[in-house]
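Right, one structure below, let's go through it.
Coordinate-derived values only; no laboratory data. Being a predicted model, the structure only gives us computed values, none of them experimental. Here Cβ is always computed from backbone atoms with ideal geometry, including for glycine, and neighbour counts include all displayed protein chains.
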Number of protein chains: 2
Amino acid sequence: MAVVTAQEVTERRLSEDQLIADWLAPLAGPAGLGLRDDAALLAPPAGCELVMTVDALVSGIHFFADDPPASIARKLVGVNLSDLAAKGADPLGFMLAMMLPDGLGNGWIKAFIDGLGEAAQQAAFPLIGGDTTRIEGPLALSLTAIGSVPAGKMVRRTTAGPGDVIAVTGTIGDAALGLLLQLPDPPAALMGLDAEQRGFLLDRFRHPRPRNSFAQALRAHASAAMDVSDGLVGDCRKLLRASDCGGVVCLDDVPLSDAVAAAVSVTPELLRHAVTGGDDYEILLCVPEQAFNTLSEEAVRLDLALHRIGTVTAGPEVMFTHQGGDMSFVHGSFQHF
Amino acid sequence: MAVVTAQEVTERRLSEDQLIADWLAPLAGPAGLGLRDDAALLAPPAGCELVMTVDALVSGIHFFADDPPASIARKLVGVNLSDLAAKGADPLGFMLAMMLPDGLGNGWIKAFIDGLGEAAQQAAFPLIGGDTTRIEGPLALSLTAIGSVPAGKMVRRTTAGPGDVIAVTGTIGDAALGLLLQLPDPPAALMGLDAEQRGFLLDRFRHPRPRNSFAQALRAHASAAMDVSDGLVGDCRKLLRASDCGGVVCLDDVPLSDAVAAAVSVTPELLRHAVTGGDDYEILLCVPEQAFNTLSEEAVRLDLALHRIGTVTAGPEVMFTHQGGDMSFVHGSFQHF
């Protein structure tokens with residue numbers, strides 16, 4: 001047990017001060033008070049409420065220790081922006097707790113913060129506060145994201161209704177298969193993809209593309225939404241159960257990238273990974289039938305794919321169909337009947 | 001490198017769902033939406049702004065792995081409440097990221113959450129959201145605290161002025177000496193204390209007593225404040241430098257508990273630990289001379305000790321005097337001149 005002594009704390013904190021003043025303060029927005037105070041100070045824009053979410057990423061669990069530091073930063077920012085997007089909220093700012101192993105040198109940390117700044121700036125998402133500490137273990141990062149929505153307009157998980165269309169943005173399964181490519185002995189179907197396709201999948205695992213441009217349309221039209229982070233199948237269940245509904249989802253209608261479609265055509269079992277694997281950071285949403293076309297047109301205008309994949313029912317079952325049959329998923333694995 | 005597979009994630013998340021629904025949801029306030037959504041939704045009370053801070057605690061750095069789980073929870077809540085108190089903010093709610101090693105069983109986690117609930121309830125500080133994940137390393141906890149202040153009334157770190165009184169609540173150094181008691185070979189002066197005194201010091205290390213009752217008086221009268229978390233000496237410097245001021249602090253006037261005073265009387269060098277050791281979670285504040293008596297009376301009314309320890313100067317030096325001489329601190333260690 002190595003609790004640091006007072007002197008060690010003081011020495012560490014001195015370099016923490018430099019880290020904050022020299023590298024992190026340039027990322028700060030007005031609510032961060034230049035990172036020179038103990039807290040952030042903010043108020044929602046007039047007529048708005050605050051939406052807040054926290055996501056922690058840990059080395060060895062959510063990313064690989066040897067992933068590029070800027071990629072880890074982009075993922076950290078992206079997964080949290082994705083939560084705001086799914087709630088129909090616009091980014092206001094974030095707070096960051098960094099638990100840094102001694103082995104990470106200044107070069108690594110600088111590259112991480114540069115990546116953080118780039119990802120945050122692209123999303124108009126300033127740093128407003130944080131904490132930095134040592135860890136005798138893996139790098140651990142916790143980001144608290146703050147967004148704003150017009151009062152009463154947050155898109156809930158609990159408000160889908162029977163008859164609503166179930167739809168999803170983008171493509172599903174890219175990140176899950178990208179992860180397989182990083183593990184030992186990737187499936188032959190993935191190794192058979194061309195280099196560009198493999199690069200695409202890996203990029204999708206490392207770099208979420210949060211759909212913040214879609215937030216305004218979502219809050220105008222969607223009845224319920226969440227982001228797809230733990231696998232489409234499980235997240236469909238979560239959303240529909242939270243809404244006290246059921247649903248029928250047609251897995252043949254789930255949008256797949258060319259890379260995933262090519263791999264699944266060789267090894268059909270890979271569809272299981274695609275729809276349960278997680279890390280998609282797309283938006284799963286429900287929308288009343290009469291509003292679906294309007295929402296689709298908004299998506300087209302934003303150059304964003306939106307696909308209908310099912311229908312909300314009175315429930316309670318959530319069913320997944322595939323090639324004319326039912327597909328059953330238990331603990332992320334599935335059995336054909 | 002052991003990135004978990006899709007199936008493992010799904011299995012872990014199922015128990016995470018139970019953890020949230022059965023153990024954490026009872027701690028949730030209205031802004032937490034029953035922890036059934038992806039985000040918290042809140043607005044400041046009318047006429048107020050939000051004050052936000054994050055503090056991470058890591059096993060082996062901020063607490064011992066074998067500390068009682070309820071103590072770790074109280075410390076986590078306490079250090080964050082202390083930041084709100086020092087800013088003159090009243091607690092509104094908190095978000096919690098828990099990074100849990102596999103070795104922690106349900107019994108440990110339940111005891112931790114019970115302690116969390118008790119500490120939070122005492123402070124009217126509901127849980128409003130969070131994240132739970134595995135870590136292949138030490139327990140790591142990150143808490144984001146949200147408080148409210150009347151607009152424009154947050155007590156800054158940057159607004160002390162020359163001539164202001166420097167004062168501190170409570171007593172200083174208890175936690176630092178309590179930590180020494182938990183390390184191998186505590187100093188003889190500490191082992192010579194009676195059991196009650198040793199118990200007091202250990203309790204002060206494990207269980208911060210955040211001064212939230214003082215927040216209203218602080219925002220009415222203090223010119224600047226921060227909580228004492230990294231050692232009084234370093235924190236005095238931080239506050240005064242952030243205010244572009246200097247100061248003279250008389251270490252003979254720093255309030256010491258009977259236990260610390262007894263230990264220092266045996267081994268005077270222990271004063272160094274007392275004033276640099278950190279984990280005090282008292283409030284260091286500056287207040288115009290003419291308001292000091294009013295603030296003192298407020299403290300008396302709240303049964304809280306408040307001691308004048310120095311004076312703000314135009315700067316830039318921050319000097320510490322002791323027994324008629326100057327005492328110099330370098331990187332947490334000090335030399336007599």
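With the convex hull constructed from alpha-carbon coordinates only, the stretch A:55-121 shows a mean projected area of 4.6 nm² over all directions. Given contacts defined as C-alpha pairs under 8 Å and at least six residues apart, what's the relative contact order of the stretch B:165-336, whole-number percent? It comes to 40 percent, rounded to a whole number. Residue-wise HN-Hα couplings along the stretch A:131-145, as the Karplus relation 6.51 cos²θ - 1.76 cosθ + 1.60 with θ = phi - 60° gives them from phi, are 8, 10, 8, 7, 9, 8, x, x, 3, 10, 10, 10, 10, 9, 9 Hz; Gly and Pro carry x. The orientation-averaged projection of the convex hull spanning the C-alpha atoms of the stretch A:271-323 amounts to 5.1 square nanometres.
In sequence order, the stretch A:112-127 has phi-based couplings of 5, 5, 4, x, 4, x, 5, 5, 5, 5, 4, 9, 6, 10, x, 6 Hz under the Karplus curve 6.51 cos²θ - 1.76 cosθ + 1.60, θ = phi - 60°, and Gly or Pro positions carry x. Counting Lys and Arg as +1 and Asp and Glu as -1 over every other residue whose Cβ lies under 12 Å from the Cβ of B:GLN197, the net charge comes to -3.
Taking 1.567 mPa s as the viscosity and 4 °C as the temperature, the Stokes-Einstein diffusion coefficient of the stretch A:165-336 based on its alpha-carbon Kirkwood radius rounds to 80 µm²/s. I'd like the FRET efficiency for A:ARG308 and B:GLU297, computed as 1/(1 + (r/R0)^6) with the beta carbon distance as r and R0 of 60 Å, rounded to 0.05. The value I calculate is 0.30.
Given N residues in the stretch A:120-239, what is Rg(Cα) / (2.2 N^0.38 Å)? The stretch A:120-239 yields a ratio of 1.34. When both the stretch A:41-74 and the stretch B:36-94 are represented by their alpha-carbon centers, they are found 18 Å apart.
The alpha carbons of the stretch A:3-160 occupy a box of 51, 33, 29 Å along the principal axes, longest dimension given first. The mean sequence distance of close C-alpha pairs (under 8 Å, at least 6 residues apart), as a share of the length of chain B, puts its relative contact order at 22 percent. The calculated Kirkwood hydrodynamic radius for chain B is 21.1 Å, given to one decimal from all distinct C-alpha pairs.
The charge dipole of the stretch B:248-331, taken about its Cα centre with unit charges on the Cβ of Lys, Arg, Asp and Glu (plus for the first two, minus for the last two), comes to roughly 100 debye. Around B:THR171, what is the net charge, scoring Lys/Arg as +1 and Asp/Glu as -1 over all other residues with Cβ under 11 Å from its Cβ? After counting each charged neighbour, the total is -2. Annotation for the stretch A:181-217 versus the stretch B:114-177: alpha-carbon center distance of 40 Å. Relative to the longest principal axis of the Cα atoms of chain A, the long axis of helix A:289-301 makes an angle of roughly 50 degrees.
About its Cα centre, the protein assembly as shown has a charge dipole of approximately 920 debye under the convention of +1 per Lys or Arg Cβ and -1 per Asp or Glu Cβ, with nothing else charged. The calculated 222 nm mean residue ellipticity attributable to helices in the protein assembly as shown amounts to -11000 deg cm²/dmol, summing -39500 (n - 2.57) over DSSP H runs of n ≥ 4 and dividing by all residues. Counting Cα-Cα pairs of the protein assembly as shown in 20 Å increments starting at 0 gives whole-percent bin shares of 18, 50, 25, 7, 0. Pairs of lysine residues in the protein assembly as shown that meet both criteria, 8 or more places apart or on different chains and Cα atoms under 26 Å apart, total 14. Take every pair of alpha-carbon atoms less than 8 Å apart whose residues are at least six positions apart; their mean separation over the length of the stretch B:166-206 yields a relative contact order of 52 percent. Charge dipole (Cα centre; +1 on Lys/Arg Cβ, -1 on Asp/Glu Cβ; no other charges) of chain B amounts to roughly 520 debye. Could you work out the local net charge near A:ASP326, counting Lys and Arg as +1, Asp and Glu as -1, over the other residues with Cβ closer than 13 Å to its Cβ? The answer is -2.
Note on chain B: GNM, Cα springs under 10 Å; of B:ALA25, B:ALA314, B:ALA46, the largest mean-square fluctuation is that of B:ALA46. With bins 10 Å wide starting at 0, give me the P(r) of the stretch B:243-337 over every alpha carbon pair, in whole percents. Answer for the stretch B:243-337: a P(r) of 13, 42, 35, 10, 0 percent.
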